[in-house]
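The values are calculated or read from the model by the stated rules, or taken from the named source; none is laboratory data. None of the values given here were measured: they were computed from a predicted structure. Methodologically, a virtual Cβ is constructed for each residue, glycine included, from the backbone with ideal geometry; neighbour enumeration extends over all protein chains shown. Side chains included, ligands, DNA and RNA excluded: accessible areas come from the protein's heavy atoms. Shrake-Rupley method; radii C 1.70, N 1.55, O 1.52, S 1.80 Å.
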Amino acid sequence: MGKSVPTKNILLAITRGGQSGRLEWSGALRYAAKKSYWNLLSPLTLRPDHFESVNQLLESDSVDGLIVNDSVAGKFFSKLRQKTDLKVVFLDSKPDKASFPATIANDSEVAQTAAEFLLKRGFRQFAYVKGNATYYQNNIQHSDARAEAFASRLAEAGFEATLLEDDEGLPQAIKRLPKPVGVLAYNDMTANNVLNACRLTQVSVPGQLGLIGVDNDASICENLRPTLTSIQLDFEMAGYQAAQMLDRLFSGKPVTDYRFGVRALVERDSTRNLRSSERIVAAAQQIIRERFREKLTPDDVAAKLHVSTRLLQIRFREIAEHGIHEEIVLRRLEAAEQLLLSTSDPVRLVAGACGFASVEHFQRLFRHRHGQTPQTWRNTRA
């Protein structure tokens, strides 16, 4: 008989309001599932009204290990420093001079990915828009690091980057920029503010300004006009690594900070200088985004654009590398994923709300995409 391992009570104090938090949560749970002796305490969604529950758990000394992201940690940091027996790992970043290990976004890789992309798109004038100093005061070091790395990579290529502030002066600062200009924003919300500034000053995107955000939060990027090109960080790996680091702390092994990098750059309309074939596909995708919940067919989309279905199918496969029907299904599945994560609606209602003809059809397509039923997929992320 092997020696039994004492149970460890683990608290995941991770806000899940945005896509990054949900992915971090998923990664941490994926690692925790391998540890039979880990007891996850009250896996809260951590809305503001749950902070008192976290506080009570910390007061009770019933927590052995804590994974906490920076938006939560600030509320409990002084208490964490006093609890010398508590094993703590930070997500995203950590307060200055904190001794706890952390997973930290590789801001240099983010900035260099954006710079390389904009250079390949032919831009020769560039700008970086910092995160709002008031709203992102706890993360301003990330914004500054991205600005520095963006400017450094462009300097290597022989170009300069103008640094802009996300404040009331942003519209006029955007208007004064030489055009065309490639712009990196601190994150997707900052990019939204750039788009608003462009509308106010009649700067066309992507005609005069190509824009990249960071985080690739689909609920933001897909619903902006134009849709937003964005860099997706590997948040799920950040959560997984945080749990692995906590495990090492329990074993008394040395632990160093882990820098998680870029998973992908997802291009959308905000950086596309569209050829005629690209324009018609972009227009078709816009129709599908607006009407995928209806009984929409490829013929319906083609009729709306006054082109033949055959021609549109050819252009679609050239640009998107899949057909119109596959695009409709993809949009329905993405919408269903959002509802599964954000609501407790039964699977049959989710299927109906997203335009699927039957719950059986939805389940078959969902299993093909994820290898799991919708309910199993939802449960693993709850």
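Of all residues in segment 341-363, those that are on the phi > 0 side of the Ramachandran plot have Cβ atoms under 6 Å from Cβ atoms of residues that are surrounded by fewer than 19 Cβ atoms within 10 Å (Cβ to Cβ) and in a loop (DSSP other than H, G, I, E, B), 6 or more apart or on another chain, in GLY355/ARG293.
Is it true that SER230 is of a type in the set (Ser, Thr, Tyr) and buried (at least 17 other Cβ atoms within 10 Å of the Cβ)? Working first, answer last.
Values: of a type in the set (Ser, Thr, Tyr): yes; buried (at least 17 other Cβ atoms within 10 Å of the Cβ): yes.
When the stated conditions are applied, SER230 passes them.
(1) part of a loop (DSSP other than H, G, I, E, B); (2) touching a Pro at 6+ places or on another chain (Cβ under 9 Å): which one isn't true of ALA357, the others all being true? ALA357 satisfies all of (1) part of a loop (DSSP other than H, G, I, E, B); (2) touching a Pro at 6+ places or on another chain (Cβ under 9 Å) except (2).
Could you list all residues from segment 222-246 that are part of a strand (DSSP E or B), hydroxyl-bearing (Ser, Thr, Tyr) and either without any contact (Cβ under 8 Å) to a residue 12 or more places away in the chain or farther than 22 Å from LEU339 by Cβ (or both)? Outline the logic, then answer.
We begin by selecting, within segment 222-246, every residue part of a strand (DSSP E or B); these are 229-233.
Cutting the leftovers down to hydroxyl-bearing (Ser, Thr, Tyr) gives us 229-230.
The answer is THR229, and nothing else.
Hey, does segment 308-324 have a residue that's part of a loop (DSSP other than H, G, I, E, B) and either open to solvent by 70 Å² or more (accessible area, probe 1.4 Å) or in contact with a Leu (Cβ under 9 Å, 6 or more places away or on another chain) (or both)? Steps first, please.
Narrowing segment 308-324 to residues part of a loop (DSSP other than H, G, I, E, B): 308, 320-323.
In the following step, the residues that additionally are either open to solvent by 70 Å² or more (accessible area, probe 1.4 Å) or in contact with a Leu (Cβ under 9 Å, 6 or more places away or on another chain) (or both) were identified as 321-322.
Checked against the condition, which is being part of a loop (DSSP other than H, G, I, E, B) and either open to solvent by 70 Å² or more (accessible area, probe 1.4 Å) or in contact with a Leu (Cβ under 9 Å, 6 or more places away or on another chain) (or both), segment 308-324 yields at least one hit.
Here ALA115 fulfils each of the conditions (1) surrounded by 22 or more Cβ atoms within 10 Å (Cβ to Cβ); (2) on the phi > 0 side of the Ramachandran plot apart from (2). So, in segment 39-57, of the ones that are in contact with a Ser or Thr (Cβ under 8 Å, 6 or more places away or on another chain) and not in a loop (DSSP other than H, G, I, E, B), which residue ends up modelled with the highest pLDDT? Step by step, filter segment 39-57, then rank; the result is ASN39. Taken over segment 320-334, the criterion of being under 15 Å from PRO298 (Cβ atoms) and modelled with pLDDT under 90 is satisfied by ALA320 alone. Looking only at segment 335-353, which residues are within 19 Å of LEU296 (Cα to Cα) and crowded, with 16+ Cβ neighbours inside 10 Å? Result: ALA335, ALA336, VAL350, ALA351, GLY352.
Taking segment 82-181 and the helices (runs of 4 or more DSSP H) fully enclosed by it, the elements with 1 or more residues that are in contact with a Phe, Trp or Tyr (Cβ under 7 Å, 6 or more places away or on another chain) are at 107-120, 140-156. The set of residues in segment 121-159 being hydroxyl-bearing (Ser, Thr, Tyr), open to solvent by less than 40 Å² (accessible area, probe 1.4 Å) and modelled with pLDDT of 90 or more consists of TYR128, SER143.
Any residue that is touching a strand residue (DSSP E or B) at 6+ places or on another chain (Cβ under 8 Å), in a strand (DSSP E or B), among the small types (Gly, Ala, Ser) and closer than 24 Å to HIS142 by Cα - is there at least one of those in segment 247-263? Within segment 247-263, none of the residues are touching a strand residue (DSSP E or B) at 6+ places or on another chain (Cβ under 8 Å), in a strand (DSSP E or B), among the small types (Gly, Ala, Ser) and closer than 24 Å to HIS142 by Cα. Being open to solvent by 80 Å² or more (accessible area, probe 1.4 Å) and modelled with pLDDT of 90 or more is the filter here, so list the residues in segment 296-307 that pass it. The answer is ASP299, and nothing else.
Against the conditions (1) of a type outside the set (Lys, Arg); (2) under 19 Å from the mean Cα position of the chain (by Cα); (3) in a helix (DSSP H, G or I); (4) at pLDDT 95 or above, SER219 satisfies every one except (4). Residues in segment 182-208 that are assigned to a helix (DSSP H, G or I), more than 19 Å from the chain's Cα centre (by Cα) and β-branched (Val, Ile, Thr): THR201 alone.
Taking GLN244 as the residue in question, decide whether it is open to solvent by less than 40 Å² (accessible area, probe 1.4 Å), polar (S, T, N, Q), in contact with a strand residue (DSSP E or B) (Cβ under 9 Å, 6 or more places away or on another chain) and farther than 28 Å from GLU168 by Cβ. Against the criterion (open to solvent by less than 40 Å² (accessible area, probe 1.4 Å), polar (S, T, N, Q), in contact with a strand residue (DSSP E or B) (Cβ under 9 Å, 6 or more places away or on another chain) and farther than 28 Å from GLU168 by Cβ), GLN244 does not qualify. Return the total of residues in segment 189-227 being open to solvent by less than 30 Å² (accessible area, probe 1.4 Å) and either aromatic (Phe, Trp, Tyr) or closer than 30 Å to LYS34 by Cα (or both). Result for segment 189-227: 2. Return yes when ARG293 is open to solvent by 60 Å² or more (accessible area, probe 1.4 Å), more than 26 Å from THR15 (Cα to Cα) and not in a helix (DSSP H, G or I) and no when it is not. In short, yes.
When ASP345 is tested against (1) acidic (Asp, Glu); (2) closer than 23 Å to ARG30 by Cβ; (3) outside any helix (DSSP H, G or I), only condition (2) is not met.
If the requirement is being open to solvent by 60 Å² or more (accessible area, probe 1.4 Å), in contact with a Pro (Cβ under 7 Å, 6 or more places away or on another chain) and on the phi < 0 side of the Ramachandran plot, which of these qualifies: ARG279, ARG259, ARG272? So that I can check it myself, show each step before the final result.
Numbers: ARG279 fails: in contact with a Pro (Cβ under 7 Å, 6 or more places away or on another chain); ARG259 fails: in contact with a Pro (Cβ under 7 Å, 6 or more places away or on another chain).
Answer to the selection: ARG272.
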